[in-house]
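Chemist: Below are the structure tokens for one structure; questions will follow.
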């Protein structure tokens, strides 16, 4: 049963009132750039704005004082990393001159160019970078709500890391011989290769610690990102340990029973498991929907050059909340598009045209502790500037075959990518 997306809140008549005229500034004047969300999109935007446009007065609104990354969370679940190694603070941004406000953004008034915080403060802006991330669509999967997540963790929105650690603890407590079940959603969702990296890292742990256990991956799709590479690795590293069931073989989970730890598929097959990881359907975070920025898909349509929301001038939506065309919802894309959005916002404030846009993505996946694979893509707006397209022959995936040194190097490159991008965001 599909849940309805949260109802759009009406912010008085503000959403439909005439927008305040955009303020232009000279090279010497300061302008107010407000960033909501301190993850890959928001932290990248705030850091880049201070480094590239020092005349911008940058404020970052983020409720958490520490940010736990989704990338490398699967390595924590698999016991390869500790949660402390993927947790980051905001002191580096403060040192760059960013005002960091730890509060929830409660509402956006696009007409007045103001954001109301849960604590009562109201912040005015000349340009807004909105990077709110995703919302889990509670109830879109029958039986799966916030309470159910305490028995069947999603570990997909890290928060303070509690969900990641809960899934890890359940794996540790599971008797050898137990079945780990995963429910994987249909597209679109955050990090398309993420569930399959998770399968791999759980398999690595089970092979090492609980060799009689199995993984049952129930998928609402018939194919997935880097599928050939993942399945080659599963056959090589974890033979007989992983069963992946696509939607055309009754793999789509439609309801769950958290009390009994049962995953039920479209045609009524009930799978009892010892540990259940349920990744539910997703949408843009609630604030984007309540501000009227999202369409019926639950995601935010944006200008492919500036990343301004189609529904509101002066609000640039980056990260996982937007509709990025063929680009995946990944950390690298969030970082890349955040920089273009900031540069476009700065250009607009000066009465200039936005810069030419090119977006880069490299997505590494760990399949074992020293076994990495990757996919690369380059994207840009089409000639009409109406949509984002992949640059022909610009990307690809790791080569298939028995290439142990290639796999070891890609795992090393993945570590270097993570260190580099988190420094770019937070240092």
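No value in this document is a laboratory result; all are computed from the given coordinates. The structure displayed is predicted, hence computed values, not measured ones. Counting neighbours? That spans all protein chains shown, and the Cβs are built from the backbone with ideal geometry, glycine included.
Chemist: Give me the Kirkwood hydrodynamic radius of region 288-374, using the inverse of the mean 1/r over all pairs of distinct Cα atoms, in Å to one decimal.
Modeler: 14.0
Chemist: Compute the semi-axes of the equivalent ellipsoid of region 246-401, taking the square root of 5 times each eigenvalue of the Cα gyration tensor, and list them largest first in whole Å.
Modeler: Those come to 35, 22, 13 Å.
Chemist: Return, ordered by residue number, the residues of region 54-87 whose backbone nitrogen is under 14 Å from a label point located 7 Å along Cα→Cβ of residue 208.
Modeler: Of the residues in region 54-87, 74-83 have backbone N under 14 Å from the label point off residue 208.
Chemist: Go ahead and set up a Gaussian network model of the chain, Cα springs under 10 Å, then flag whichever of 63, 369, 239 fluctuates most.
Modeler: Its mean-square fluctuation being the largest, the pick is 239.
Chemist: If you line up the long axis of helix 404-426 against the longest principal axis of the chain, both from Cα atoms, how many degrees apart are they, to the nearest 10?
Modeler: 30
Chemist: I would also like to ask the following. For region 122-219, which semi-axes, largest first and in whole Å, follow from the square roots of 5 times the eigenvalues of its Cα gyration tensor?
Modeler: 31, 15, 14
Chemist: For the chain, with a Gaussian network of springs between Cα atoms less than 10 Å apart, report the residue from 197, 405, 172 with the top mean-square fluctuation.
Modeler: 405
Chemist: Kirkwood hydrodynamic radius for the chain: how many Å is it when counted over pairs of different Cα atoms?
Modeler: Kirkwood hydrodynamic radius for the chain: 22.3 Å.
Chemist: Here is a further query. Restricting attention to the alpha-carbon atoms of region 148-280, what are Rg (one decimal) and Dmax (integer), both in Å?
Modeler: Cα radius of gyration and Dmax of region 148-280 are 13.7, 37 Å respectively.
Chemist: On to the next question. What 222 nm value per residue comes from the helices of the chain, counting each DSSP H run with n ≥ 4 as -39,500 (n - 2.57) and dividing by all residues, nearest 500 deg cm²/dmol?
Modeler: -8000 deg cm²/dmol
Chemist: Roughly how many nanometres apart are two label points built 7 Å out from the Cα toward the Cβ at residue 84 and residue 176?
Modeler: Here the modelled spin labels are 3.0 nm apart.
Chemist: I would also like to ask the following. Gap in Å between the Cα centre of region 57-126 and the Cα centre of region 308-358?
Modeler: Taking the Cα centre of region 57-126 as reference, the centre of region 308-358 is 18 Å away.
Chemist: With each label point set 7 Å from Cα along the Cα-Cβ vector, what nm distance links residue 376 and residue 94?
Modeler: The modelled label-to-label distance comes out at 3.9 nm.
Chemist: Oh, and also: So what's the convex hull volume per residue for the Cα atoms of region 151-202, in Å³?
Modeler: 90
Chemist: Rank the residues 205, 144 as a footprinting-exposure proxy: fewest other Cβ atoms within 10 Å of their Cβ go first.
Modeler: 205, 144
Chemist: Treat the count of other C-beta atoms within 10 Å as a stand-in for reagent exposure and order 267, 48 from fewest to most.
Modeler: Neighbour counts put them in this order, fewest first: 267, 48.
Chemist: Here's something else I'd like to know. How would you classify region 28-143 from its alpha-carbon gyration tensor, with a ≥ b ≥ c the square roots of the eigenvalues: rounded for a/c under 1.5, else prolate if a/b is greater than b/c, otherwise oblate?
Modeler: Because a/c hits 1.5 or more and a/b fails to exceed b/c, region 28-143 counts as oblate.
Chemist: Expressed in whole Å with the largest first, what are the equivalent ellipsoid semi-axes of region 219-290 derived from the C-alpha gyration tensor as the square root of 5 times each eigenvalue?
Modeler: The answer is 25, 19, 13 Å, longest axis first.
Chemist: Using only alpha carbon pairs under 8 Å that are at least six residues apart, calculate the relative contact order of the chain and give it in whole percent.
Modeler: 19
Chemist: Ok, one more. Be a star and scan region 348-368 for residues whose amide nitrogen sits under 11 Å from the point 7 Å along the Cα-to-Cβ vector of residue 420.
Modeler: 362
Chemist: Please give the length that would be gained between residue 267 and residue 296 if that part of the chain were fully extended, namely 0.36 nm times their separation in residues minus their C-alpha to C-alpha distance (nm, one decimal).
Modeler: Full-extension gain reported as 7.7 nm.
Chemist: Need the full-extension length gain, residue 409 to residue 147, defined as separation in residues times 0.36 nm minus the C-alpha distance. One decimal, nm.
Modeler: Once the chain is fully extended between residue 409 and residue 147, it gains 90.2 nm.
Chemist: Suppose each label sits 7 Å from its Cα in the direction of the beta carbon; what would the residue 249-residue 236 distance come out to in nanometres?
Modeler: 2.2
Chemist: Sticking with this structure for a sec: Specify the angular offset, from 0 to 90 degrees and rounded to the nearest 10, of the alpha carbon long axis of helix 40-52 from the longest principal axis of the alpha carbons in the chain.
Modeler: 40
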